[in-house]
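The values are calculated or read from the model by the stated rules, or taken from the named source; none is laboratory data. These figures come from a predicted structure and were not determined experimentally. Note that we place each Cβ from the backbone using ideal geometry, even for glycine, and neighbour counts take in every protein chain shown.
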Amino acid sequence: MRTHYCGDINETLIDQTVTFCGWVHRRRDHGGVIFLDVRDREGLVQVVFDPDTAEAFATADSVRSEYVLQITGRVRARPAGTTNANMKTGMIEILGKEIAILNKAQTPPFPLDNYADVGEEVRLKYRYMDMRRPEMQNKLRFRSKVTSIVRRYLEANGFWDFETPILTRATPEGARDYLVPSRTHEGTFFALPQSPQLFKQLLMVSGFDRYYQIAKCFRDEDLRADRQPEFTQIDIEASFINEDDIMGLAQGMIKEIFQQELGVDLGDFPRMPFSEAMNKYGSDKPDMRIPMEIVDVAEFLQEIEFKVFAGPAKDPKGRVAALKVPGGAQLSRSQIDDYTKFVGIYGAKGLAWIKVNEIEKGVEGLQSPIIKFIGDDNTMKIMAKVGAQNGDIVFFGADRYKVVCEALGALRCKIAADLNMYTAPWAALWVVDFPMFEENDDGSLSALHHPFTAPSCTPEEMAANPTAALSRAYDMVLNGTELGGGSIRIHDQDMQAKVFDVLGISKEEQEEKFGFLLDALKFGAPPHGGLAFGLDRLIMLLTGATSIREVIAFPKTQSAACVMTQAPGEVSNAQLRELHIRLREKAKTE
């Protein structure tokens, strides 16, 4: 039906006849001459119809926005003064000779020729229209190019593409499963996979050595701007490797994507232990573009009478820390109040501060309501430790260790964004040496990553002091966002069973949920490891989008619904009976 895409017609085709198809982006009538901008996925081209071709002119006069057309015409140079250097086709136009209306269109729900800031709900309801916009098409085209680079890179490094099951069984991976009732096995359920973790490990046991997959995953969890109930992973696993091997390979893949698509050299990726990341930046995904660090100051506050500081300073599980903001003395009291409310989101009960006006005058040159509680001498020691200078402000957190880390870590990022404190466009690193386990409020332990991660100590050392055990896990972080993470896996059945024991998973539960994996480890499982990248999150960062919904063709809303298809939806009683399911009646409101 066409010889060229609209956006591919250029001055090399002048005086040639071309046929193209597309949507009417804009129609203009200039003194008896009709101009149509016709759009397809490659771009726009301007078409001119004059009254000399009466039939084509009459048809062109009848078209409206988003009509689907087929046009044949002659390529010619645009008249002097009318060229558009910002368009791929801006040096030429088409003198239309023939035009066919392939389909008419109703008035669009929002304008596409001059995009208006309509609500996201409307955009998602008419997503097929929203995706006609060049901005959306460019993002999704970019996504396709990135996945092509990924496939080429991994296949060049000996990886094979495998598909793993979507209908599987529920496993404890840290989030709620989406469950699918079985019609043929009454009273039982499949689960949609949170990741292909167990199957890719079984592929390693099978001897396939190097696996990858662009995998769909599902998690029934609370949503944020960078989360969806269904998402896509670049999933990788390999045998007979160590941490350096898999991290080097993954780093090379990300660097190649940035080099090819953005012309950016990310350089070397430094490695940072988890403990350092938490202590200095309050996060296991620190944004290294921000020139601020969190500093412990509990040593100066243990003996004071002010219990707000002294209590956490003496508590082994507490923390008192300071965050110096260069130039932050300019912040108004209302801004400080806003930041106080902000850290409250993370459990902080308040936000103490000291403004540094003239440090050379000692406490007389400082401004704060808390100095009288912590003492002049302690105050100046703290100022010296954080390296306070004139014009700075120092914020304080005092609470349980986790609360202080999360609150000051988030505040660090919030202030950097508000004051535009970034020192570089990109900053990548690896975070390593994660704890194997984290302690829950009830004293029980959970796997920090997942229960198949190998510890870096012996089974006996892990069992003797599980909270001190480190794992062979690694996360790649870019601009404060976790791009992906993984680990060397447990390939020994005894070690896997001991990890389950530490987690309080009984022998019966081990056999019920993981018996097939434990069985497989008996039959010569090789040392192996891997990682997974969040593809949606990666594309969001690369394109500068503010939400992963901007880089997914058909995303869900923040309430995990599809407003376009009205999913999820009710099903008939007949379908429920086939699945052996009966719904409870909704509680009647009085």
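Per-residue answers, yes or no, for (1) polar (S, T, N, Q); (2) outside the structural domain of Arg412 (by TED's automatic domain parsing); (3) over 27 Å from Asp418 (Cα atoms):
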{"residue": "Gln330", "(1), (2), (3)": "yes, no, no"}
{"residue": "Ser334", "(1), (2), (3)": "yes, no, no"}
{"residue": "Phe342", "(1), (2), (3)": "no, no, no"}
{"residue": "Gly350", "(1), (2), (3)": "no, no, no"}
{"residue": "Lys361", "(1), (2), (3)": "no, no, yes"}
{"residue": "Gly365", "(1), (2), (3)": "no, no, no"}
{"residue": "Ser368", "(1), (2), (3)": "yes, no, no"}
{"residue": "Asn378", "(1), (2), (3)": "yes, no, yes"}
Just need a number here: residues in the stretch 289-308 that are over 15 Å from Gly328 (Cβ atoms) and out of contact with any strand residue (DSSP E or B) (no Cβ under 8 Å at 6 or more places or on another chain).
-> 9
If Thr82 passes every condition in (1) in the same structural domain as Glu256 (by TED's automatic domain parsing); (2) free of Cβ contacts under 8 Å to residues at least 12 places away in the same chain but one, which one does it miss?
-> (1)
Return the pairs, sorted by first residue and then second, in which the second residue is crowded, with 18+ Cβ neighbours inside 10 Å and at pLDDT 90 or above, the first residue lies in the stretch 115-127 and is outside any loop (DSSP other than H, G, I, E, B), the beta carbons are less than 8 Å apart, and the residues are 6+ apart or on different chains.
-> Glu120/Arg549; Arg123/Asp130; Leu124/Asp130; Leu124/Arg549; Leu124/Pro555
Report those strands (runs of 3 or more DSSP E) wholly inside the stretch 1-71 carrying at least 3 residues which are surrounded by fewer than 19 Cβ atoms within 10 Å (Cβ to Cβ) and not charged (D, E, K, R).
-> 17-30
Select from the stretch 532-562 the residues that are β-branched (Val, Ile, Thr) and closer than 20 Å to Glu482 by Cα and list them in ascending order.
-> Ile539, Thr543, Thr546, Ile548, Val551, Ile552
Quick one: how many residues across the stretch 512-542 are out of contact with any Pro (no Cβ under 9 Å at 6 or more places or on another chain), surrounded by 14 or more Cβ atoms within 10 Å (Cβ to Cβ) and assigned to a helix (DSSP H, G or I)?
-> 10
Counted residues in the stretch 424-441 being under 17 Å from Asp501 (Cα atoms) and surrounded by fewer than 19 Cβ atoms within 10 Å (Cβ to Cβ) come to 3
What are the residues in the stretch 170-196 that are free of Cβ contacts under 8 Å to residues at least 40 places away in the same chain and part of a strand (DSSP E or B), if any?
-> Leu179, Val180, Phe189, Phe190, Ala191
Note on Ile294: of the conditions (1) surrounded by fewer than 21 Cβ atoms within 10 Å (Cβ to Cβ); (2) within 30 Å of Leu266 (Cβ to Cβ), unmet is (1)
Sort through Asp113, Asp220, Asp130, Asp177 and tell me the only one that's touching a helix residue (DSSP H, G or I) at 6+ places or on another chain (Cβ under 8 Å) and surrounded by 14 or more Cβ atoms within 10 Å (Cβ to Cβ).
-> Asp130
